[in-house]
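The values are calculated or read from the model by the stated rules, or taken from the named source; none is laboratory data. Just so we're clear, the structure is a prediction, and the values are computed from it rather than from any experiment. So basically every Cβ, Gly included, is an ideal-geometry build from the backbone, and we count neighbours across all protein chains shown. These area figures cover heavy atoms from the full protein model, side chains too; ligands, DNA and RNA do not enter into them. Shrake-Rupley method; radii C 1.70, N 1.55, O 1.52, S 1.80 Å.
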Amino acid sequence: MTENPQCAKCTKVVCDSEASLKGPENCPTKTKQDIIQKALNEYDDPQVREFARQASIQEAECYMNLPEGLTTRYPRVEEIAQFAKKMGYKKLGIASCLGLKDEAEMLTEILENRGFEVVSVCCKVGGTPKEKIGIAPEQKIREPDDFEAMCNPIAQAEILNDAGTDLNIVAGLCVGHDSLFFKYSKAPVTVLVAKDRVFGHNPVMGLYLAHSPYYRKLLRKE
Ligand code: SF4
């Protein structure tokens, strides 16, 4: 058993070069060759290969080579629409949070304007009380006696599965609810909005600010 890979702590980062085998001792490019080869075999499936190929083409198209250097071109919402077009997808699903209703509506308009058929399902679909999954009164967001509907990402996924969507887009599902949606969705899933209630759904701010006095609590040891 080799040491676990720690790419996040790597000081060499040679995997994006021709010297890819010169990484640290625990570099998975060196120690996990068997798994990497097995993964590469998956791309021999024509559908997987085409999906990966179009995703890489889309990735490259998101940059421009200007005289002053490489620069970015498309916001993610544009990237998703372009990728879906490249894949020949016609019907797109949106799994959204009720709290992002306006954003889901805007996303629908953007995608419909590009000619897609759009199906959207909100997290509270079914209106099932939280008691169904064992939530106690004191574990509710509002008052203990208030009715609160549970988020139902499995129903979101199954309704989109039933609609036969080609690609599903997550718009602001909670942590864990998103995981269940990924698990049950039959169509491939991409994320447009990762919910972050503090940072305006821009969760990377928690990383950028973790060394600042106001957010160093994020680095606490437990
Ligand atoms: S794959 Fe190897 S070289 Fe690349 S970041 Fe991970 S440890 Fe470093």
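For this structure, a couple of remarks:
- Average accessible area per residue (Å²) across the chain - probe 1.4 Å, nucleic acids and ligands excluded: 68 Å²
- Cα-based Lys proximity count in the range 113-217, under 15 Å, for pairs eight or more positions apart or on separate chains: 4
- Considering helices alone, the calculated mean residue ellipticity of the chain at 222 nm is -10000 deg cm²/dmol, with DSSP H runs of length four and up weighted by -39500 (n - 2.57) and normalised per residue.
- Counting charges near residue 58 (Lys, Arg +1; Asp, Glu -1) among other residues having Cβ under 9 Å from its Cβ returns a value of -2.
- The range 1-133, relative contact order in percent, only Cα pairs under 8 angstrom and at least six apart counted: 14 percent
- Coupling constants for the range 201-209 follow from the phi torsions by the Karplus curve (6.51 cos²θ - 1.76 cosθ + 1.60, θ = phi - 60°), and in residue order they are 6, 10, x, 5, 4, x, 7, 4, 9 Hz; glycine and proline get x.
- Sites matching chymotrypsin sites (Phe, Trp or Tyr not before Pro) across the range 31-88 that sit in DSSP coil, with at most 16 neighbouring C-beta atoms within 10 Å: 43
- Förster radius 41 Å - calculated FRET efficiency between residue 179 and residue 216, Cβ distance, rounded to 0.05: 0.90
- Rounded percent of accessible protein surface that carbon and sulfur make up, the range 31-82, 1.4 Å probe: 53 percent
- Normalising the average separation of contacting C-alpha pairs (under 8 angstrom, six or more residues apart) by the number of residues puts the relative contact order of the chain at 13 percent.
- The trypsin sites (Lys or Arg not before Pro) of the range 136-222 that meet both conditions, a loop assignment by DSSP and at most 10 other Cβ atoms within 10 Å of the site Cβ, are 142, 197, 220, 221.
- Disulfide-incompatible cysteines by the Cβ rule (no partner under 4.7 Å) in the chain: 7, 10, 15, 27, 62, 97, 122, 174
- Here the chain is treated with +1 on each Lys and Arg Cβ and -1 on each Asp and Glu Cβ, and its dipole about the Cα centre works out to around 580 debye.
- Carbon and sulfur %, accessible surface of the range 130-222 computed with the full protein complex present, 1.4 Å: 56 percent
- Segment residue 13-residue 149, extension gain: residue separation times 0.36 nm, minus the distance between their alpha carbons: 44.3 nm
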